[in-house]
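Just below is one structure, and these are the notes that go with it.
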Amino acid sequence: MDTDALDDFLAGARRFLDDHATPKQGAGGWGDGDDQLSGYRTVTEQEDADRVRGAQVWKALEFDHGYGWIAGSPELGGRGLPPEFERGYLELRAQYDVPAQGVFVISLGMVAPTFEQFGGDEVRMLVPHLWRGDLIGCQLFSEPTNGSDVAGLITKARADGDEWVIDGQKVWTSVAQHSQWGLLLARTNHDAPKHAGITAFALDMSTPGVEVRPLVMMTGGTEFNEVFLDGVRVPDAHRLGPVDGGWRVAIATLMNERALGAGGSDLFGTFRALERLRMTIEHMGFDRDPRVRDEFARLYTMGETIRYMALAADERRRNGMLPGPAESVFKLANTEVLRAVSSLGTRICGMSSVVDTGAWGTYAWGVLEATMPGLRIAGGTDEIMRNILAERVLGLPKEPG
């Protein structure tokens with residue numbers, strides 16, 4: 001790698017960030033900044049719309065200055081630079097206050113790469129607009145009857161001339177209420193084995209017959225949605241890959257999802273929650289309790305282990321190795337650590353974690369605790385992650401049908 005080129009690139013990136021963002025003023029202590037720990041907390045529709053719009057404005061600004069798709073294909077608007085450049089920019093950006101970019105995690109980590117790899121010309125032309133933030137994408141895989149068993153889907157697609165007519169229901173679809181495009185799997189051959197009769201499509205979410213209904217979580221948040229498809233017509237030009245070849249598309253998408261969980265970023269908020277737990281322990285006077293100190297040390301060690309495993313996974317991808325089933329460990333490990341962190345924080349705060357007294361940083365632990373069931377479902381349930389690791393990594397016998 002040309003270190004001089006990287007240094008020049010990062011110098012330019014710092015100038016861009018200095019011109020358009022404000023440097024963070026340290027890590028902040030107890031009582032500083034937003035006291036929330038869960039991204040699934042209650043917000044009004046206007047607050048949610050403002051949050052998404054702010055993220056889109058920043059994403060477009062980044063893209064227009066050459067920092068929105070650093071490692072992307074030049075033919076589609078990316079800069080084509082090595083992954084080290086993108087990672088360096090993201091590490092630099094983390095030092096500045098910019099609008100939260102969580103609304104793009106699925107859009108850019110899963111939908112855009114799949115559209116680029118499997119889409120025809122019409123679909124591939126959407127990719128730069130996804131990276132610029134003009135469009136947001138969602139993943140339409142899970143259904144009420146199959147959940148994480150993606151191949152068990154029953155949503156139907158039948159050919160009608162140069163279109164497909166799709167009927168069915170999807171559920172647990174993150175950010176569907178903000179999405180203009182969806183990555184959809186539907187069954188096109190009912191006589192084939194369940195993995196062999198699936199086809200993938202790019203779905204315009206404004207198509208007649210598409211209805212999105214947000215699901216209200218225990219936290220009051222509406223991150224997840226159910227999506228109903230009633231006679232939805234999709235052009236064959238929006239098909240991804242061959243007819244009945246959607247399982248390969250699904251696997252590629254899910255591997256991108258595993259890579260998200262293995263990335264160096266704090267995707268699940270685990271590292272942020274660990275730092276807040278440290279502050280909570282000190283603020284509540286438990287820093288001299290040997291049992292609490294021992295439990296925190298164990299959780300911190302587990303968090304650092306996840307961090308270094310993620311860095312090793314990043315290095316493997318930079319060397320051209322594709323993400324595999326072993327990277328399911330990151331999602332499982334993150335939720336296990338975050339669950340334990342949430343539990344300890346809630347116990348320390350006591351009743352103030354479930355009764356909002358207005359005290360900074362206490363009630364947030366109760367909200368995080370109510371978030372945990374959703375996090376154990378999102379991105380594949382913990383049970384499915386364990387099965388993948390047991391069967392495909394450790395070679396243990398398959399779970400009985």
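Key figures for this structure:
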quantity: Which listed residue, of Ser148, Ser142, is at pLDDT below 95, touching a Ser or Thr at 6+ places or on another chain (Cβ under 9 Å), surrounded by fewer than 21 Cβ atoms within 10 Å (Cβ to Cβ) and not in a helix (DSSP H, G or I); calculated: Ser148
quantity: Members of region 17-39 that are modelled with pLDDT of 95 or more and either in contact with a Leu (Cβ under 9 Å, 6 or more places away or on another chain) or assigned to a loop (DSSP other than H, G, I, E, B) (or both); calculated: Leu17, His20, Ala21
quantity: Selection from region 125-139 of residues that are in a loop (DSSP other than H, G, I, E, B) and either in contact with a Lys or Arg (Cβ under 9 Å, 6 or more places away or on another chain) or acidic (Asp, Glu) (or both); calculated: Gly133, Asp134
quantity: Residue count for region 354-380, restricted to those that are closer than 17 Å to Met218 by Cβ and within 27 Å of the chain's Cα centre (by Cα); calculated: 16
quantity: Options Val165, Val175; residue that is of a type in the set (A, V, I, L, M) and within 30 Å of Gly39 (Cα to Cα); calculated: Val175
quantity: Condition met for Val354 (surrounded by fewer than 19 Cβ atoms within 10 Å (Cβ to Cβ), modelled with pLDDT of 85 or more and in contact with a Gly (Cβ under 7 Å, 6 or more places away or on another chain)); calculated: yes
quantity: Matching residues, region 40-65, being part of a loop (DSSP other than H, G, I, E, B) and exposed (fewer than 12 other Cβ atoms within 10 Å of the Cβ); calculated: Thr44
quantity: Given (1) outside any strand (DSSP E or B); (2) modelled with pLDDT of 95 or more, number of the condition Ile166 does not satisfy; calculated: (1)
quantity: Answer from Gly285, Gly264, Gly269 - the residue that is surrounded by fewer than 17 Cβ atoms within 10 Å (Cβ to Cβ), out of contact with any strand residue (DSSP E or B) (no Cβ under 9 Å at 6 or more places or on another chain) and either on the phi > 0 side of the Ramachandran plot or at pLDDT 95 or above (or both); calculated: Gly285
quantity: Lone qualifier among Gln101, Gln25 - being closer than 28 Å to Leu183 by Cβ and polar (S, T, N, Q); calculated: Gln101
quantity: Scan of region 169-185 for residues that are over 22 Å from Arg132 (Cβ atoms) and either in contact with an Asp or Glu (Cβ under 7 Å, 6 or more places away or on another chain) or without any contact (Cβ under 8 Å) to a residue 60 or more places away in the chain (or both), ordered by number; calculated: Gln169, Lys170, Val171, Thr173, Leu184
quantity: Some residue of region 86-107 being assigned to a helix (DSSP H, G or I) and either assigned by TED's automatic domain parsing to the domain that holds Ala202 or touching a Cys at 6+ places or on another chain (Cβ under 7 Å) (or both); calculated: yes
quantity: Region 187-209, residues that are among the small types (Gly, Ala, Ser) and either free of Cβ contacts under 8 Å to residues at least 40 places away in the same chain or at positive phi (or both); calculated: Ser206, Gly209
quantity: Condition check for Glu336: modelled with pLDDT of 90 or more, under 19 Å from the mean Cα position of the chain (by Cα) and either on the phi > 0 side of the Ramachandran plot or among the charged types (D, E, K, R) (or both); calculated: yes
quantity: Filtered residue count, region 236-249, keeping only those that are of a type in the set (A, V, I, L, M) and either at pLDDT below 90 or surrounded by 21 or more Cβ atoms within 10 Å (Cβ to Cβ) (or both); calculated: 2
quantity: Ala252, sole failed condition from (1) surrounded by fewer than 18 Cβ atoms within 10 Å (Cβ to Cβ); (2) among the small types (Gly, Ala, Ser); (3) modelled with pLDDT under 90; calculated: (1)
quantity: Hits in region 203-234 - residues which are surrounded by 15 or more Cβ atoms within 10 Å (Cβ to Cβ), within 15 Å of Gly182 (Cα to Cα) and out of contact with any strand residue (DSSP E or B) (no Cβ under 6 Å at 6 or more places or on another chain); calculated: Asp204, Phe224
quantity: Residue within region 73-87 that is in contact with a Leu (Cβ under 7 Å, 6 or more places away or on another chain) and in contact (Cβ under 8 Å) with a residue 24 or more places away in the chain present; calculated: yes
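The values are calculated or read from the model by the stated rules, or taken from the named source; none is laboratory data. Computed from a predicted model, the values in this text were never measured in an experiment. Using ideal geometry, Cβ is built from the backbone for each residue, glycine included, and neighbour counts are taken over all protein chains shown.
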